[in-house]
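**Q** Before we start, here is the structure in question, set down as structure tokens.
Where a number appears in this text, it was derived from the coordinates with a stated rule and is not lab data. The structure displayed is predicted, hence computed values, not measured ones. Methodologically, a virtual Cβ is constructed for each residue, glycine included, from the backbone with ideal geometry; neighbour enumeration extends over all protein chains shown.
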Amino acid sequence: MSRSSSLKLLLISTPVGAIGSGRGGGVELTLTNIARSLIALNHSVTVVAPEGSVLDGIPLVSIAGNLQVTAQSQGRETLITLPANSVLGNFWNYARQVQHDYDVLINFAYDWLPFYLTPFFERPIAHLVSMGSLTDAMDQAIAEVAEQFPTTIAVHSLAQAETFSFRDRCFNLKNGFDLSQYQFNPTSKNHLAWVGRIAPEKGLEDAVAAVQKVGIPLKIWGVIQDESYWNHIQTNYPNAPIEYCGFLSTQDLQQALGESRALLMTPHWLEAFGNVAIEALACGVPVIAYRRGGPAEIVQDGKTGWLVEPDRVDGLAEAISKLDQIDRTNCRLDAEREYSLEAMGERLEIWLDRIVLSQT
Ligand code: HBI
């Protein structure tokens, strides 16, 4: 039975950065796309986010307070911490007061507080978990919610779910994008692309080693998050045909990315999803990725790109030599079939239906 009525939804954002600042990372784009997808399905959406957030045309409640430290920079034994006057605490104090104006609250923070508070709220809280397992304290907080409210946890990939003990209670939402913002480019110039935070876990040095081997230029876009890592690459590969092209807006990035022969994805950590893989496919750009994490579930080997054994630079080089076998039209079609706002909207309806029905 599918629910025909529209829902009143309160989306509570990540506390690590204002939406539009870039400090929130992938979840800024994810929250915006989920909000747009839900509005297109005639639900009523309000977003709670740190002051300074920008969200065109979507009702926004800006909350003051001190930002949270990012979780991925910490070890498994990391203690749960909150700054004084935490924006996270202020988010959930507000949510507690207004909860009866909504049918479902959706949490986007990878932080202890919203999970701990879930049983104390009278309205259901759905949680979109944005990363794989990182710390013991967070694993326990999420597992307790998964135990007590088994329909409420969503993830971006099966590989991400696999990192948790409650893997069978994760709903695979994947992700979804406004594909009208990405122009299909049937042809390419003679260069490859790498896009992401320039930091060790992203494995840029493998892509550089591969293009040094095959002699095809590599254009690099993204924030230089780890300066010493970037310097290490330039020192170790002085003759590699690489060019750093800065950090671009979505509009400019998709224009530049679309001219590439392929996107190389070389993560050394488990990417929960890999948003940039969809952005490439939407422009008709094949993806060559390590068979690891979210990208391994996105790339259709031999059809929309090539999957390579993890950390094998020779495998990357071999995949690059086989790019002519990939039809760029298939890349765009796959993005439209599986990763459009409409396709994600269908998955959102299933997730929310189960939560609402389990309330009755
Ligand atoms: N760290 N503490 C914390 N809370 C978050 O919500 C969070 C984070 N680190 C990264 C992050 N969210 C987003 O960039 C995800 O898209 C990965």
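**Q** Give me, ordered by chain and number, the residues 5 or more places off Asn66 or on other chains with an amide H under 5 Å from its own placed amide H.
**A** Result for Asn66 returns Ser86, Val87.
**Q** Residues of the range 88-102 with backbone nitrogen within less than 18 Å of a virtual label 7 Å along the Cα-to-Cβ line of Phe120, please, listed as ranges.
**A** Residues 88-100 qualify, since their backbone N sits under 18 Å from the label point.
**Q** If we count other beta carbons within 10 Å of each Cβ, what is the order of Lys189, Lys174, fewest first? It would help to have the intermediate numbers written out before the result.
**A** On the way: Lys189 11, Lys174 19.
If I rank by nearby Cβ atoms, fewest first, I get Lys189, Lys174.
**Q** Exposure proxy check: Glu271, Glu205 ranked by fewest other beta carbons within 10 Å?
**A** Values: Glu271 29, Glu205 19.
Sorted ascending by nearby Cβ count, the order is Glu205, Glu271.
**Q** A further question on this structure: List every residue whose amide H lies under 5 Å from the amide H of Ala240, counting only residues 5 or more places away in sequence or on a different chain, with H placed 1.01 Å from N in the peptide plane.
**A** none
**Q** Apply 1/(1 + (r/R0)^6) to the Cβ-Cβ distance of Arg23 and Lys213, taking R0 = 22 Å, and write down the FRET efficiency to the nearest 0.05. Walk me through the numbers on the way to the answer.
**A** Values: r = 35 Å, r/R0 = 1.61.
It comes to 0.05.
**Q** Debye calculation, C-alpha points only, no solvent: report log10 I(q)/I(0) for the range 119-246 at q = 0.09, 0.12, 0.20 Å⁻¹, in the same order as the q values.
**A** Rounded to two decimals, the profile gives -0.45, -0.71, -1.05.
**Q** Additional query: Excluding Ala277 itself, calculate the net charge of residues whose Cβ lies under 10 Å from the Cβ of Ala277, where each Lys or Arg counts +1 and each Asp or Glu counts -1. Don't skip to the end; give the middle numbers.
**A** On the way: positive: none; negative: Glu271, Glu279, Glu297.
Neighbourhood net charge equals -3.
**Q** Right, another one. Taking Rh as the Kirkwood radius computed over C-alpha pairs, what is the Stokes-Einstein D of the range 276-360 at 10 °C in a medium of viscosity 1.306 mPa s, expressed in µm² per second? Before the final figure, lay out each step's value.
**A** Values: Rh = 14.1 Å.
Answer from the Stokes-Einstein relation: 112 µm²/s.
**Q** Then there is this: Can you list residues whose amide H is under 5 Å from His191's amide H, if they're 5+ apart or on another chain and H is modeled 1.01 Å from N?
**A** Distant-sequence amide H within range of His191: Arg261.
**Q** Could I ask something else about it? Can you tell me what the convex hull of the Cα atoms of the chain projects to on average, as an area in nm²? Don't skip to the end; give the middle numbers.
**A** On the way: hull surface 69.7 nm².
Result: a mean projected hull area of 17.4 nm².
**Q** Let me ask something else. What is the sum of charges around Ile106, taking Lys and Arg as +1, Asp and Glu as -1, for the other residues whose C-beta is under 12 Å from the C-beta of Ile106?
**A** Charge balance in the 12 Å sphere: +1.
**Q** Percent of Cα-Cα pairs per 10 Å bin, from 0 to the last occupied bin, for the range 179-338, please list those.
**A** 12, 45, 37, 6, 0
**Q** Still on this structure: Averaging over all projection directions, find the projected area of the Cα convex hull of the range 45-204 and quote it in nm² with one decimal place. Walk me through the intermediate numbers first.
**A** Details: hull surface 49.3 nm².
Mean projected area of the Cα convex hull: 12.3 nm².
**Q** Can you give the Kirkwood hydrodynamic radius for the range 9-60, in Å, rounded to one decimal and based on Cα pairs? Numbers along the way, then the final one.
**A** On the way: mean 1/r = 0.0919 Å⁻¹.
After inverting the mean inverse Cα-Cα distance, the result is 10.9 Å.
**Q** For the range 129-203, what is the Kirkwood estimate of the hydrodynamic radius, computed as the reciprocal of the mean inverse distance between distinct Cα atoms, to one decimal in Å? It would help to have the intermediate numbers written out before the result.
**A** On the way: mean 1/r = 0.0654 Å⁻¹.
By the Kirkwood definition, the hydrodynamic radius is 15.3 Å.
**Q** Something else about it: Considering only the other residues whose Cβ falls under 14 Å of the Cβ of Leu11, what net charge follows from Lys and Arg at +1 and Asp and Glu at -1? Numbers along the way, then the final one.
**A** Values: positive: Lys8, Arg36, Arg123; negative: Glu28, Asp101, Asp103.
Net local charge, Leu11 excluded: 0.
**Q** With all pairs of different alpha carbon atoms counted, what Kirkwood hydrodynamic radius in Å does the range 1-125 show?
**A** On the way: mean 1/r = 0.0664 Å⁻¹.
Evaluated on the range 1-125, it is 15.1 Å.
**Q** Spelling out what I want: for every residue of the range 204-213, take phi, set θ = phi - 60°, compute 6.51 cos²θ - 1.76 cosθ + 1.60 (Karplus), and round to whole Hz; glycine and proline get x.
**A** 3, 4, 5, 5, 5, 4, 5, 6, 5, 5
**Q** Related question: Under 11 Å from a label point 7 Å along Cα→Cβ of Val98: give me every residue in the range 14-47 with its amide N that close.
**A** Hits in the range 14-47 for Val98 at 11 Å: 45-47.
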